[in-house]
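The values are calculated or read from the model by the stated rules, or taken from the named source; none is laboratory data. Just so we're clear, the structure is a prediction, and the values are computed from it rather than from any experiment. Note: ideal-geometry Cβ built from the backbone for every residue, glycine included; neighbour counts use all protein chains shown.
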Amino acid sequence: MIIDTHVHLFPDKIKKDRSQFFKGEPEFKLLYDSPKASIAVADELVETMDEQGVDISVGGGFPWRNPELARQNNDVIIEAVRKYPDRIRGLACFDTAWTGAAREAERCLDAGLSGVGELAFYLSGIDRAALKALDPVMEVLRSRGNLPCMIHTNEPLGHAYPGKTPVTLEQINDLARTFPDNRIILAHWGGGIFFYHVMKKQLKADLKNIWYDTAASVFLYDSTIYDMAERAGVLDKVLFGTDYPLLKPGRYYADLDQSGLTREQKEMVLGKNAEIFYGN
C-alpha cells in the first residue's frame, strides 16, 4: 500500500482565481503568488493517484489567517473525504493564532478528519508564541486518541525559497519537548533534526513521538537521505509525502530507487509506517 501523507487541496474558487485571496494573507501570497505554484482540487488528486499508483492520500488546506477561509478550506477537505472515503484522509488546517482554532479542530475531527496539519509559522518560526498558540489544539488531539499533528519545518541552512521559515533546530526540539505526549509529524524531514537521533543522550528521548515526512525531498536532498535515516535508526518514522501538487509521486519513487534501501524498507516508507495514522 502506498500512502501519500502530505498533499494540499483548495476550494475551486481559489484555483480559478487565487489573486483575490492575497489581501490580508501574506503567507498565502508568499507561497502562491507565482502562477507556477500549482493549486489542486480533489478530483485532480484522485486522477493523479490512479496514474501514480497511490492508494491513500492525506489532504489538508492552508493555515489561513481569515477564519472563514479556514473553515471553507476545511469543508473542502471534509467533502473530499466523504466523496472518496477509501482514497482520501483529511487534516484540519488553520492559523493557530485564531482563538477559535481548537474549536475548529474539534469540528473537523467530529466530521471525520484524521488529525491536524499542515500547521505553519512561515513568518515567525516556531517561537514561544507559536508553542503557546499550539497548546489548545494539541490538547484536543490528545483527547481524541492522540491523533497526529503535522507541522511545517525546514532546514535552517542552504538556499532560500518561498515558504522557508526562520525556524531553528532548537525551536524544533523545543516543540518536541513542549508536547512530549503528542504524536507530531514534522514535514520536510524535520529540517534535518532526525540526524541527532545518533546522539547518545537526550535527543532520542526528546524525539520519541516525532515522525518525519519526505515532502519536497527531491528539491532539498539527494537520495542518500533515506540511507542516513536508516543509519540513524528512524526509518520506521519516515512517512512518504509529496507536497502534491508541488510534485507527483513518481519523482519520489525514482529517488527511493536510487537509495540503498531494500524493497521491504521502501515499502515501510511508502506506506507501512503511515498505517498507524491513516490505514483502514
### Message
For segment 69-84, check the following and say yes or no: at least one residue is touching a helix residue (DSSP H, G or I) at 6+ places or on another chain (Cβ under 9 Å) and in a loop (DSSP other than H, G, I, E, B).
### Response
yes
### Message
If G112 satisfies all but one of (1) surrounded by fewer than 16 Cβ atoms within 10 Å (Cβ to Cβ); (2) in contact with a strand residue (DSSP E or B) (Cβ under 8 Å, 6 or more places away or on another chain); (3) in a helix (DSSP H, G or I), what's the number of the condition it fails?
### Response
(3)
### Evaluation of F277 against (1) more than 15 Å from the chain's Cα centre (by Cα); (2) farther than 21 Å from E44 by Cα (one fails), failing number
(1)
### Task
Quickly run through segment 201-222 and pick out the residues that are modelled with pLDDT under 95 and touching a strand residue (DSSP E or B) at 6+ places or on another chain (Cβ under 8 Å).
none
### Task
Look through E104, E68 and report the one residue that is touching a Phe, Trp or Tyr at 6+ places or on another chain (Cβ under 9 Å), more than 21 Å from Y244 (Cα to Cα), charged (D, E, K, R) and free of Cβ contacts under 8 Å to residues at least 40 places away in the same chain.
E104
#### Entry: Matching residues in segment 235-280 - criterion: being under 20 Å from N146 (Cβ atoms), surrounded by fewer than 22 Cβ atoms within 10 Å (Cβ to Cβ) and hydrophobic (A, V, I, L, M, F, W, C)
I276, F277
### Task
Return a yes/no flag: does segment 267-274 have any residue that is β-branched (V, I, T), outside any helix (DSSP H, G or I) and at pLDDT 95 or above.
no
### Summary
Within segment 49-79, residues of a type in the set (G, A, S) and surrounded by 24 or more Cβ atoms within 10 Å (Cβ to Cβ) come out as S57, G59, G60, G61
